[in-house]
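Down below is the structure, laid out as structure tokens.
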Amino acid sequence: MTTHTVHTTCPSPLGELLLTGEESGGLLTLVSLALPGQRGAPAVRAESRDDRAFAEARRQLDAYFAGRLTRFSLPLAPAGTPFQQRVWGALDDIPYGTTAGYGELAARLGVPRAEIRTVGRALGANPVLLVRPCHRVIGADGSMRGYAGGVERKVWLLTHEGALQPTLL
């Protein structure tokens, strides 16, 4: 069976999202979800655009941004090392509307305190932002650490999910 790399874009409150995936036999596996201006976002070719292949992903993203979806259920195939895959898998255990500290996540994974930065690096390499919710990982003191999509978007996502209170300007 032939596999094709395809992509689409999806409007969102965070800007135009870029979704890439592998399609085979009419089934799509999500490989990447990138935010506008995100470092490391994949390059795509215009001829690989296939909006229909991403119908379910778009439906779930729309429901998430409308506040009707708290957990994604999409087939994923992000490329990464076995350690990165382990860290990204652990993100699925951080419930919607909550946060976890880097140290807490490292402890769950059995990573020694001296190696917490390796967890942070793996989070920074997460290719499926939002779907694998690395935005829910914060500093032990509650501070917003790095986020590949930008810290302001991390704050927006956590506020949207109810983990942070909105601030008045």
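The values are calculated or read from the model by the stated rules, or taken from the named source; none is laboratory data. The model shown is predicted, which means the values in this text are computed figures rather than measured ones. Neighbour counts are summed over all protein chains in view; Cβ atoms, including those assigned to glycine, are modelled from backbone coordinates with ideal geometry. Side chains are part of the model used for accessible areas, which takes the heavy atoms of the whole protein and leaves out ligands, DNA and RNA. Shrake-Rupley method; radii C 1.70, N 1.55, O 1.52, S 1.80 Å.
Considering only residues in the range 1-54 that are small (G, A, S) and not in a loop (DSSP other than H, G, I, E, B), the one that is farthest from R132 (Cα to Cα) turns out to be A46.
With respect to L35, determine if the residue is within 20 Å of Q85 (Cβ to Cβ), under 16 Å from the mean Cα position of the chain (by Cα) and not aromatic (F, W, Y).
Values: within 20 Å of Q85 (Cβ to Cβ): no; under 16 Å from the mean Cα position of the chain (by Cα): yes; not aromatic (F, W, Y): yes.
In short, no.
Of the set (1) over 23 Å from K154 (Cβ atoms); (2) in contact (Cβ under 8 Å) with a residue 60 or more places away in the chain, all apply to L28 but (2). Counted as qualifying within the range 80-134 are the helices (runs of 4 or more DSSP H) with 2 or more residues that are open to solvent by less than 70 Å² (accessible area, probe 1.4 Å), within 20 Å of V151 (Cβ to Cβ) and touching a strand residue (DSSP E or B) at 6+ places or on another chain (Cβ under 7 Å), namely 102-109. Of all residue pairs spaced 6 or more apart or on separate chains, those with beta-carbon atoms under 6 Å, a first member in the range 74-91 that is under 13 Å from L105 (Cα atoms) and a second member that is open to solvent by less than 40 Å² (accessible area, probe 1.4 Å) and among the basic types (K, R) are W88/R132; L91/R132.
Return yes when L74 is part of a loop (DSSP other than H, G, I, E, B), closer than 19 Å to G149 by Cβ, at pLDDT 95 or above and of a type in the set (A, V, I, L, M, F, W, C) and no when it is not. Show your work before the answer.
Details: part of a loop (DSSP other than H, G, I, E, B): yes; closer than 19 Å to G149 by Cβ: yes; at pLDDT 95 or above: yes; of a type in the set (A, V, I, L, M, F, W, C): yes.
Answer is yes for this residue.
Conditions tested, residue by residue: (1) touching a helix residue (DSSP H, G or I) at 6+ places or on another chain (Cβ under 8 Å); (2) farther than 29 Å from V151 by Cβ; (3) of a type in the set (G, A, S).
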| residue | (1), (2), (3) |
| --- | --- |
| V6 | yes, yes, no |
| P13 | yes, no, no |
| L18 | no, no, no |
| G40 | no, no, yes |
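Of (1) closer than 24 Å to L74 by Cβ; (2) without any contact (Cβ under 8 Å) to a residue 60 or more places away in the chain, G110 satisfies all except one. Which? Against the list (1) closer than 24 Å to L74 by Cβ; (2) without any contact (Cβ under 8 Å) to a residue 60 or more places away in the chain, G110 comes up short only on (1).
You will find that of R39, R49, the residue that is under 30 Å from E152 (Cβ atoms), at pLDDT 90 or above and among the basic types (K, R) is R49 and no other.
Under the condition of being of a type in the set (D, E, K, R) and surrounded by fewer than 18 Cβ atoms within 10 Å (Cβ to Cβ), which residue from the range 13-28 is nearest to A63 (Cα to Cα)? Quick ask: steps written out before the conclusion?
Our first condition is that a residue be of a type in the set (D, E, K, R); within the range 13-28, this holds for 16, 22-23.
In the following step, the residues that additionally are surrounded by fewer than 18 Cβ atoms within 10 Å (Cβ to Cβ) were identified as 16, 22.
Values: E16: 16, E22: 23 Å.
Filtering the range 13-28 for residues that are of a type in the set (D, E, K, R) and surrounded by fewer than 18 Cβ atoms within 10 Å (Cβ to Cβ), the one nearest to A63 (Cα to Cα) comes out as E16.
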